[in-house]
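K.L.:
I have a structure I would like to understand better, so I am pasting it below and will then ask my questions one at a time.
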């Protein structure tokens, strides 16, 4: 899953955060959100994408956490920490520890993907 910073011009410019598999999906989602938000304005004149981050994890992925053990990712949301780094907040249902919200920053080694 990739996280894009998107600028959409719909007779005025808005900024969005979009999670999408690729640029085409991000363009389509940005256009849809912009038109839904500004329903009286029917024309999107420009969309600019900037890839903020990419994750090796997906919703439904099986993972191993060094403290909480094995679990399944139920939700994955792109976030920025106080230092401006892009990362992910994952809601994971662990086999023995229940559901936990975990922040995943680039280079963290406490969580690893497992084969399903």
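Only the coordinates and a few stated rules stand behind these numbers; no lab work does. What you are looking at is a predicted structure, and each value in this text was computed from that prediction instead of being measured. Cβ placement follows ideal geometry from the backbone for every residue including glycine, while neighbour counts extend to all protein chains displayed.
K.L.:
For residue 62 and residue 110 in the same chain, what is the full-extension length gain: residue separation times 0.36 nm, less their Cα-Cα distance, in nm?
P.N.:
On the way: separation 48, 0.36 × 48 = 17.28 nm, distance 1.40 nm.
Working it through step by step, the gained length comes to 15.9 nm.
K.L.:
Further, regarding this structure: Could you compute how fast segment 62-114 diffuses translationally, taking Rh as the Kirkwood radius over C-alpha pairs and applying Stokes-Einstein at 37 °C with viscosity 0.692 mPa s? Give it in µm² per second.
P.N.:
Numbers: Rh = 11.2 Å.
The diffusion coefficient I find is 292 µm²/s.
K.L.:
Which peptide among 103-111, 69-77, 87-95, 17-25 comes first, and what is the full order, when sorted by highest mean count of other Cβ atoms within 10 Å? Don't skip to the end; give the middle numbers.
P.N.:
Numbers: 103-111: 12.4, 69-77: 16.6, 87-95: 18.2, 17-25: 14.2.
Highest-to-lowest ranking by the protection proxy: 87-95, 69-77, 17-25, 103-111.
K.L.:
Using a Förster distance of 30 angstrom, determine the FRET efficiency expected from the C-beta separation of residue 97 and residue 22, and round it to 0.05. Can you show the working numbers first?
P.N.:
On the way: r = 34 Å, r/R0 = 1.12.
For residue 97 and residue 22, the calculated efficiency is 0.35.
K.L.:
With 10 angstrom as the radius, rank 35, 114 by how many other C-beta atoms surround their C-beta, starting from the fewest.
P.N.:
Working: 35 15, 114 11.
Placing the least packed residue first, the sequence is 114, 35.
K.L.:
Between residue 32 and residue 79, with labels modelled 7 Å along Cα→Cβ, what's the label distance in nm to one decimal, could you check?
P.N.:
Inter-label distance under the simple model: 2.5 nm.
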